[in-house]
Amino acid sequence: MVKCSTRLLDRTFGALADPTRRRILEHLAGGDRCVTDLARPYRMSLPAVSKHLRVLENAGLVRRKRDGRVHRLKLEARPMQQAQAWIEEYRKFWETSFDRLDEYLKQLQTKEKK
């Protein structure tokens, strides 16, 4: 099993649970953006968008850089990579379980035909 910090996974999945935050990350995947650029597509106040950004920052998914009064944000993929590795372990588990179930059902069908 992949060893990931429970706290890190909780923060990552918590941050990704909100559709607004996922869309913000999608925008950042295209390159660094300032806060006002990120806020523009949403019908919410700048402080509300800033709250979403703080959640993303606390999860380590976003890094902020100040250039005077302009705050630029950058996507940080490492927490998502760790979450993906954790999920991958469970995908392997379920695939193996389904393969065993499939084999068992085939054996039952063979027995019924005899």
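Just so you know, all these numbers are worked out from the coordinates, no wet-lab data involved. If you're wondering where the values come from, they're calculated on a predicted model, not measured in any experiment. Every residue, glycine as well, gets a Cβ built from its backbone with ideal geometry; the counts of neighbours run over all protein chains shown.
Which of the residues spanning the stretch 6-19 are surrounded by fewer than 16 Cβ atoms within 10 Å (Cβ to Cβ) and in contact (Cβ under 8 Å) with a residue 12 or more places away in the chain?
Across the stretch 6-19, the qualifying residues are PHE13, GLY14, ASP18.
Residues that are among the aromatic types (Phe, Trp, Tyr) and over 19 Å from the mean Cα position of the chain (by Cα): does the stretch 78-90 have at least one?
no
LEU46 passes all but one of (1) without any contact (Cβ under 8 Å) to a residue 24 or more places away in the chain; (2) farther than 19 Å from LEU28 by Cα; which number fails?
(2)
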